[in-house]
Structures are given as C-alpha cells and as structure tokens.
Amino acid sequence: MSEFTVETESKTDVVDVTERVREAVPAGADGVATVFVRHTTAGVVVNEAESRLLDDVETFLADLVPDEGWKHDRLDGNADSHLRALLLGESVQVPVTDGDLDVGTWQSILLVECDGPRTRSVTVRVT
C-alpha cells in the first residue's frame, strides 16, 4: 500500500493524479489498483484530463447540486460538498499489468475536490 497527498487550490478542483498513482504501483505488479480518497468531500473518478472537460466537471457538479438549502448546512455549511462527493464515489479500481496501469488512451485518474482548498490523502493498494 502507498499513500500520497494532493494540494487542491479551490472549492471545486479537478486534479489529474494518474502519474502519482502510476508511481505508487510496485514494479512488476499484476492485479488491480484500488485508488481511494480518505475524505467525505472529495472523490476519485476515471475520465479524460482535457482542460475544458475538467472545467465542465466543475460546472456540472455546481449545476447538479445547489450550494445552499441543505439541512446539513446548519452544522458546518458544506452539505453541497458532501452530496457532490457522494455522486462521484471515494474510489476507483484500475487493472495493473507488469507494474503499469491498464488505462485507455484518454483515461486518467482524477481527484475531484468538492470542499477545498485542502490537502487530501490518496491511498493506492494493488491486490
């Protein structure tokens, strides 16, 4: 198992962590890499890391989940962040062959921040 941190820069931020995950995979490993974020207001997805699409992801999440009007906001004001992360999921699984990620040409592993800026911990485990 390996862990690394990611510094996010804004409330909603999409960070390509593919190379960091690739570095965490043991040489020669075969199996499945589980990439897991240890937070309830961030998610991990597999998609294309094209800059306009990353901007679209941020807009999509904001349009899908309104910022205000949630019961949890009475506690700490970030219900929208929890709900957005709930839609994304906290982990992805990626096949690994001979120590490398078996991703498609346009596939990247993306950490999606929903309540930043923050420092996020990402765990990678190959089984």
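A short reminder: the numbers here are calculations on the coordinates, not readings from a lab. This structure is a prediction, so every number in the text was calculated from the model and none was measured. All Cβ positions, glycine included, derive from the backbone under ideal geometry; neighbour counts span all protein chains shown.
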* To do: State all residues of segment 94-126 that are outside any loop (DSSP other than H, G, I, E, B) and over 13 Å from residue 17 (Cβ atoms); if no residue qualifies, say none.
  => 95, 96, 97, 100, 119, 125, 126
* Structure fact -> Apart from one, (1) of a type outside the set (Ser, Thr, Tyr); (2) assigned to a strand (DSSP E or B); (3) surrounded by fewer than 17 Cβ atoms within 10 Å (Cβ to Cβ) all hold for residue 26; the odd one out is (2)
* Asked: Which of the residues belonging to segment 84-93 are loosely packed, with under 15 Cβ neighbours inside 10 Å and assigned to a loop (DSSP other than H, G, I, E, B)?
  -> 89
* To do: For residue 61, work out the one condition from (1) out of contact with any Ser or Thr (no Cβ under 8 Å at 6 or more places or on another chain); (2) in contact (Cβ under 8 Å) with a residue 24 or more places away in the chain; (3) in a helix (DSSP H, G or I) it doesn't fulfil.
  => (1)
* Which of (1) part of a loop (DSSP other than H, G, I, E, B); (2) of a type in the set (Phe, Trp, Tyr); (3) in contact with a strand residue (DSSP E or B) (Cβ under 6 Å, 6 or more places away or on another chain) does residue 36 not meet, given it meets every other one? -> (1)
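State yes or no: is residue 19 within 17 Å of the chain's Cα centre (by Cα) and exposed (fewer than 13 other Cβ atoms within 10 Å of the Cβ)?
Numbers: within 17 Å of the chain's Cα centre (by Cα): yes; exposed (fewer than 13 other Cβ atoms within 10 Å of the Cβ): yes.
So residue 19 passes the test.
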* Asked: Within segment 64-83, how many residues are part of a loop (DSSP other than H, G, I, E, B), free of Cβ contacts under 8 Å to residues at least 24 places away in the same chain, under 17 Å from residue 12 (Cβ atoms) and of a type outside the set (Phe, Trp, Tyr)?
  -> 5
